[in-house]
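The values are calculated or read from the model by the stated rules, or taken from the named source; none is laboratory data. In this text, all values refer to a predicted model and were calculated from it rather than measured experimentally. Cβ sites come from the backbone with ideal geometry, for glycine too, and all protein chains shown count toward neighbours. Ligands, DNA and RNA are stripped out before the accessible areas are found, and what is left, the full protein with its side chains, is counted by its heavy atoms. Shrake-Rupley method; radii C 1.70, N 1.55, O 1.52, S 1.80 Å.
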Amino acid sequence: MDYHAREVIFMAKNSEIKRLYRSRKDKIIAGVCGGIAEYFNIDPVWTRLIAVLLCFINGIGIILYIIAWILMPENPKQKPGKMTTAEKAAKRAVKKNDMNSMVIIGIVIAVVGILLLLKNLGFEFSLLWPFLLIALGIFIIVRQKNEKRK
Amino acid sequence: MKQVMLMEKRLYRSKKERMIAGVCGGLGEYFKVDPTLIRLLWVVVTVFTGFILGIIAYIIAWIIMPER
């Protein structure tokens, strides 16, 4: 197979990836929380709640929001313009039965709660990063192994 | 030989997915992950480890990784 054919296959595979965009429809400031909610298919109320909670941990939420604003592109598939209330209600009704997303929300809120607790107990946050990197490393290894099995 | 070439997955700097030098875009293509997620992770880790580490790592990756 020549270089061009490989490139075509590569691009086809690449387009299957689920991508994280800033929402154009579900936005309050820049659509970051709305976009994350669309990515995980959950109600944006939850992502916004988590973002606000994160703001209480040394203002991490604000920093993260600005970073995400810069790095996340706007969703090119959406037309600009806000959703009508009817559309929002319909979207919410569909999502209510999604068990997986509720598990995600539960985990994230629990993690934020633990972080808040640690902060109040005087936990040094610089200690957190080595553990996060270890977790990331394990995640990448597991993912690669799973891919090989396929 | 040709078969081996096809199986081989290589890490390149991306030409299409780039904001600075395509390092994060290349990583995204390699791991089949959205480059935006990699960028977010990279910047967040960089910010919370005091900037220097992440920036040096980026520059090293820029030098080491060839362009596709």
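Using each residue's phi in segment B:54-61, evaluate 6.51 cos²θ - 1.76 cosθ + 1.60 at θ = phi - 60° and report the 3J(HN,Hα) Karplus result to the nearest Hz, with x for Gly and Pro.
Ordered by residue, 3J(HN,Hα) equals x, 5, 4, 4, 5, 5, 4, 4 Hz.
Residue by residue through segment A:99-108, what is 3J(HN,Hα) from phi via Karplus (6.51 cos²θ - 1.76 cosθ + 1.60, θ = phi - 60°)? Round to whole Hz and write x for glycine and proline.
Going residue by residue, I get 5, 4, 5, 5, 5, 4, 4, x, 4, 4 Hz, with x marking Gly and Pro.
In peptide A:126-134, how many Cβ atoms from other protein chains are near each Cβ within 10 Å, on average?
2
Quick one: if the Förster radius is 25 Å, what FRET efficiency do residue B:60 and residue A:57 give, using the C-beta to C-beta distance and rounding to 0.05?
Once rounded, the FRET efficiency stands at 0.20.
For the pairs A:79/A:145; A:27/A:145; A:79/B:16; A:18/A:79; A:77/B:15; A:77/A:148, note any where the Cα-Cα span goes beyond 29 Å.
Cα-Cα > 29 Å for A:79/A:145; A:27/A:145; A:77/A:148; rest within.
Heavy atoms of the protein only, probe of 1.4 Å, neighbouring chains included. What is the accessible area of residue A:103 in Å², nearest 10?
Rounded to the nearest 10, the figure is 80 Å².
With everything on Cα atoms, drop me the angle between helix B:35-48 and the longest principal axis of chain B, reported from 0 to 90° to the nearest 10.
The answer is roughly 30 degrees.
Modelling each spin label as a point 7 Å along the Cα-to-Cβ direction, I'd like the residue A:41/residue A:128 distance in nm, to one decimal.
Each label point lies 7 Å from its Cα, and together they span 3.0 nm.
Tabulate in residue order the Karplus-calculated ³J(HN,Hα) for segment B:8-23, using 6.51 cos²θ - 1.76 cosθ + 1.60 with θ = phi - 60°, rounded to whole Hz; enter x for Gly and Pro.
So the Karplus estimates, Gly and Pro as x, are 5, 10, 10, 9, 10, 7, 7, 8, 7, 9, 9, 10, 10, 10, x, 5 Hz.
For B:32-40, what's the mean count of beta carbons from other chains sitting within 10 Å of each residue's beta carbon?
Partner Cβ neighbours, averaged per residue: 6.
What residues have an amide H closer than 5 Å to that of residue B:13, excluding those fewer than 5 places away on the same chain, when H is modeled at 1.01 Å from N in the peptide plane?
Excluding prolines and chain starts, which carry no amide H, the hits are B:67, B:68.
Just subtract the alpha-carbon distance of residue A:145 and residue A:29 from 0.36 nm times their residue separation and send over the number in nm, one decimal.
Working it through step by step, the gained length comes to 37.8 nm.
Report the B-A buried area as the accessible area lost on both sides summed, probe 1.4 Å, in Å² to the nearest 100.
Buried surface at the B/A interface: approximately 2500 Å².
Enumerate the amide H contacts of residue A:22 below 5 Å, restricted to partners 5 or more residues apart or on another chain; note that Pro and chain-start residues carry no placed amide H.
A:74, A:75
Starting from the 7 Å offset along Cα-to-Cβ, what nm value, one decimal, do you get for the label separation of residue A:116 and residue A:17?
Going from the residue A:116 label point to the residue A:17 one covers 3.4 nm.
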